[in-house]
Amino acid sequence: MRKIEHIGIAVKNIENSNRLFEKLFGQQSYKTEKVESEGVSTSFFQVGPNKIELLEATNPNSPIAKFIEKKGEGIHHIAFDVENIEEEINRLKNEGFEFIHQEAKDGADNKLIAFLHPKSTNGVLIELCQEKPK
Ligand code: ZN
């Protein structure tokens, strides 16, 4: 893993949270994007070298809806940038880590992604992220 790619925050209402975080960061979100396969609407902020992703559920079965039901709004996941996601998935599986996604899939912001299962990572939801070749 090379660096933290972004931090994901689960929110109930992305329009309200966009306004809140725009005030907080003193800048606009640079991108909003729906990922239907994941049941989320996302919004991205670039804060210096760091990226923050807001996530709102698009349906009641969305993992974000379930997260908010259980834990309320707040930090949802930490995403790490990897050079080769397939290699990293294999490496971590060999180390005994469990994955939610067994293979890389399309995520927001032009990324291939895979989530590890938080039960194998001390309760922290970790996302692997590889920039898609253009
Ligand atoms: Zn993410």
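Considering the stretch 5-45, the residues that are touching a strand residue (DSSP E or B) at 6+ places or on another chain (Cβ under 7 Å) and of a type in the set (Asp, Glu) include one that is modelled with the lowest pLDDT, namely GLU33. For SER41, indicate whether it is open to solvent by less than 90 Å² (accessible area, probe 1.4 Å), among the hydroxyl-bearing types (Ser, Thr, Tyr) and under 16 Å from the mean Cα position of the chain (by Cα). For SER41, the condition - open to solvent by less than 90 Å² (accessible area, probe 1.4 Å), among the hydroxyl-bearing types (Ser, Thr, Tyr) and under 16 Å from the mean Cα position of the chain (by Cα) - is met. Taking every residue in the stretch 63-88 that is farther than 17 Å from GLU53 by Cβ and pairing it with any residue that is open to solvent by 50 Å² or more (accessible area, probe 1.4 Å) and among the basic types (Lys, Arg), at least 6 positions away or on another chain, the pairs with Cβ-Cβ distances below 7 Å are GLU83/ARG2.
Kindly provide the set of residues from the stretch 85-102 that are open to solvent by 60 Å² or more (accessible area, probe 1.4 Å) and either at pLDDT 95 or above or in contact with a strand residue (DSSP E or B) (Cβ under 6 Å, 6 or more places away or on another chain) (or both), ordered by number.
Residues satisfying the conditions are GLU86, GLU87, ASN90, ARG91, LYS93, ASN94, GLU95, PHE97, GLU98, ILE100.
Among the criteria (1) touching an Asp or Glu at 6+ places or on another chain (Cβ under 7 Å); (2) at positive phi, the one ASP81 does not fulfil is (2). For the stretch 31-52, the criterion of being among the aromatic types (Phe, Trp, Tyr), within 16 Å of ALA108 (Cβ to Cβ) and within 15 Å of the ligand (Cβ to nearest atom) is met by at least one residue. Give ASN59, ASN50, ASN122 a once-over and let me know the one that is open to solvent by 30 Å² or more (accessible area, probe 1.4 Å) and closer than 19 Å to LYS31 by Cβ. Unique residue meeting the criteria: ASN50.
Considered as a group, the residues in the stretch 62-78 that are among the small types (Gly, Ala, Ser) and surrounded by 13 or more Cβ atoms within 10 Å (Cβ to Cβ) include one that is farthest from the ligand (Cβ to nearest atom), and that residue is ALA65. Does the stretch 67-96 hold any residues that are of a type in the set (D, E, K, R) and within 15 Å of the chain's Cα centre (by Cα), and which are they? Across the stretch 67-96, the qualifying residues are GLU73, ASP81.
Residue pairs whose Cβ atoms lie under 6 Å apart, sitting 6 or more positions apart in sequence or on different chains, and linking a residue in the stretch 89-105 that is free of Cβ contacts under 8 Å to residues at least 24 places away in the same chain to a partner that is part of a loop (DSSP other than H, G, I, E, B), are GLU98/HIS117; ILE100/HIS117.
The values are calculated or read from the model by the stated rules, or taken from the named source; none is laboratory data. Just so it is clear, the model here is predicted, and its values are computed rather than measured. Please note: Cβ atoms are built from the backbone with ideal geometry, for glycine as well, and neighbour counts cover all protein chains shown. Accessible surface areas use protein heavy atoms only, side chains included; no ligands, DNA or RNA. Shrake-Rupley method; radii C 1.70, N 1.55, O 1.52, S 1.80 Å.
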